[in-house]
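Engineer: This is the structure I have questions about; it appears just below.
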Amino acid sequence: MKLVVPFETSMDRLVVRRIVLLEANVDGVTGWGECVAAEAPFYSPEYADTAWPVLRDFLWPMVKGKKFDSACEVWDLLKRVRGHNMAKACL
């Protein structure tokens with residue numbers, strides 16, 4: 001997505017923002033999650049290109065088909081994966 005105004009920090013300058021969006025449809029209700037990881041590992045070791053495969057290959061398979069009574073149950077299940085908190089929060 002092209003930004004209206006460049007986003008600039010001491011570490012980087014962005015004019016285009018790549019984001020990871022997750023769509024979940026459960027029992028006819030659709031929800032969206034956004035991974036806030038940046039495009040490059042200048043702020044955090046986690047970035048968009050690492051968040052997507054972690055979501056796809058590890059986090060999603062851990063929750064797919066499971067029933068949860070609350071969001072904290074999801075977090076407890078995902079703690080087996082070290083780090084990747086931005087990808088976890090997206091899910």
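Engineer: Towards the positive end of the charge dipole of the range 2-90, with charges on Cβ (+1 Lys, Arg; -1 Asp, Glu), say which of 72, 61, 22 has the farthest Cα.
Structural biologist: The one lying farthest along the dipole's positive direction is 61.
Engineer: Calculate the dipole size of the chain relative to its Cα centre from +1 charges on Lys and Arg beta carbons and -1 charges on Asp and Glu beta carbons; express the result in debye to the nearest 20.
Structural biologist: Computed charge dipole of the chain: roughly 160 debye.
Engineer: Which order do you get for 62, 1, 11 if you rank them by accessible area with a 1.4 Å probe, largest at the top?
Structural biologist: 1, 11, 62
Engineer: What is the extension gain from residue 10 to residue 70, computed as 0.36 nm multiplied by their sequence separation minus the C-alpha to C-alpha distance, in nm to one decimal?
Structural biologist: Taking 0.36 nm per residue and subtracting the Cα distance, the gain is 17.7 nm.
Engineer: Where does the chain land on Rg(C-alpha)/(2.2 N^0.38 Å)?
Structural biologist: Ratio of Cα Rg to 2.2 N^0.38 Å: 1.21.
Engineer: Order 70-83, 47-60 from most to least packed using the mean count of other Cβ atoms within 10 Å.
Structural biologist: Answer by packing, highest mean first, reads 47-60, 70-83.
Engineer: Want the number for residue 17 to residue 56: 0.36 nm per residue separation, take away the alpha-carbon distance, what's left?
Structural biologist: That pair, residue 17 and residue 56, stretches by 12.0 nm at full extension.
Engineer: Right, next: Which whole-angstrom value gives the distance between the alpha carbon centres of the range 3-21 and the range 66-91?
Structural biologist: 27
Engineer: With every protein chain left in place and a probe of 1.4 Å, what is the accessible surface of residue 46, to the nearest 10 Å²?
Structural biologist: For residue 46, the solvent-accessible surface is approximately 20 Å².
The values are calculated or read from the model by the stated rules, or taken from the named source; none is laboratory data. In this text, all values refer to a predicted model and were calculated from it rather than measured experimentally. Neighbour counts run over all protein chains shown; Cβ positions are idealised from the backbone, glycine included. Just so you know, the surface numbers come from the protein's heavy atoms only, side chains and all, with ligands and any DNA or RNA stripped out. Shrake-Rupley method; radii C 1.70, N 1.55, O 1.52, S 1.80 Å.
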